[in-house]
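Okay, so here's the structure we're looking at.
The values are calculated or read from the model by the stated rules, or taken from the named source; none is laboratory data. Here the structure is a predicted model, which means the values were calculated and not measured. Cβ coordinates were reconstructed from backbone atoms using ideal geometry, including for glycine residues, and neighbour counts include every protein chain displayed. Areas reflect the complete protein model, heavy atoms only, side chains present, ligands, DNA and RNA absent. Shrake-Rupley method; radii C 1.70, N 1.55, O 1.52, S 1.80 Å.
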Amino acid sequence: MTPTPPPGLSVVIHRDKELLAHAAAARLVTALADAQAAGGAASVVLTGGRNGNGLLAALAASPARDAVDWGRLDVWWGDERFLPHGHQDRNDTQARAALLDAVPLDPERVHPMPASDGRFGDDPEAAAAGYAEELAAAAGPFDVLLLGVGPDTHVASLFPGHAATGVADRTVVAVREAPKPPPTRLSLTLPVINSAREVWLLAAGEDKAEAVGTALGPEGRASGAPAAAVAGERTLWLLDEAAAARLPGA
């Protein structure tokens, strides 16, 4: 039995990770096309990891992708590994391979987080401040912000108990000594994540079940789980059955 979520939060459970990826891709096409119909343009914040990249790959393979006017889409990232440009472990490198190189985006509207060999050099704090300035010049809240959920409940590069997770006076933060390699990262902070019109949290697989159960369980925010602190104007959890196995009442 699926528990009843609080107002503004929805949980959708799919049979397996493949179905989750394709359903989420279809949902994203609809959300972006609707945003463009309403306002002329749309914005999306991408996430890395197997579920984020799986969604992008499913979207690349879908004929429905042409419902999005890619030239009127602003693309941002929720976090990034602070590595050299083009490094195979960077989220933007993986996103380009999965989808972005296959669609007619306006390069001026694609906003990767700075690389460690970019104009800010090997200074993650300066890189974070530079991305914050770029964000500040953008109009309006994000239409859709995608997040993966780690087995430890981390989202973006905000980890449980890490100082960066509690930052509330900046939109972008440098993350040092992250518990997951690479140790140096850039991340949006929770206040800017929660300013999005829609935040979608993606989780698939047995290794995510405990994190999902913690974040959506009765302890919620009290657990200290970063995923539990995510609350956009609308918050949508997209899960497969394995990840949903420890939900209360499941």
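Annotations
- Calculated [222 nm] ellipticity per residue, helices only, for the chain: -8500 deg cm²/dmol; basis is -39500 (n - 2.57) per DSSP H run with n ≥ 4, divided by all residues, nearest 500.
- For peptides 148-154, 137-143, 32-38, 237-243, sequence by mean Cβ density within 10 Å, most packed first: 237-243, 148-154, 32-38, 137-143
- Cβ-based charge dipole, region 120-250, positive-most Cα from Leu146, Val212, Val173: Val212
- Highest-MSF residue in the chain out of Glu108, Glu134, Glu210 [GNM, Cα springs under 10 Å]: Glu108
- Å² of accessible area per residue within region 210-250, as computed with a 1.4 Å probe and no ligands counted: 43 Å²
- Overall, the chain carries a charge dipole of about 360 debye about its Cα centre when +1 sits on the Cβ of Lys and Arg and -1 on the Cβ of Asp and Glu, all other atoms neutral.
- Subtracting the Cα-Cα distance of Arg234 and Asp69 from 0.36 nm times their residue separation leaves 57.1 nm of extension gain.
- Between region 151-177 and region 14-40, the C-alpha centres lie 27 angstrom from each other.
- Lys180, Lys17, ranked by accessible area, largest first (probe 1.4 Å): Lys17, Lys180
- Looking at region 88-205, the accessible area is 42 square angstrom per residue; that uses a 1.4 Å probe and ignores ligands, DNA and RNA.
- Antiparallel DSSP beta bridges within the chain, percent to nearest 5: 25 percent
- Taking the empirical scaling 2.2 N^0.38 Å for compact globular proteins as reference, region 105-250 has a Cα radius of gyration ratio of 1.08.
- Subtracting the Cα-Cα distance of Ala126 and His111 from their residue separation scaled by 0.36 nm leaves 3.8 nm.
- Taking all protein chains together and a 1.4 Å probe, the residues Val192, Val175 rank Val192, Val175 from largest to smallest accessible area.
- Atom-type composition of the exposed protein surface of region 84-229 places 51 percent of the accessible area on carbon and sulfur (1.4 angstrom probe).
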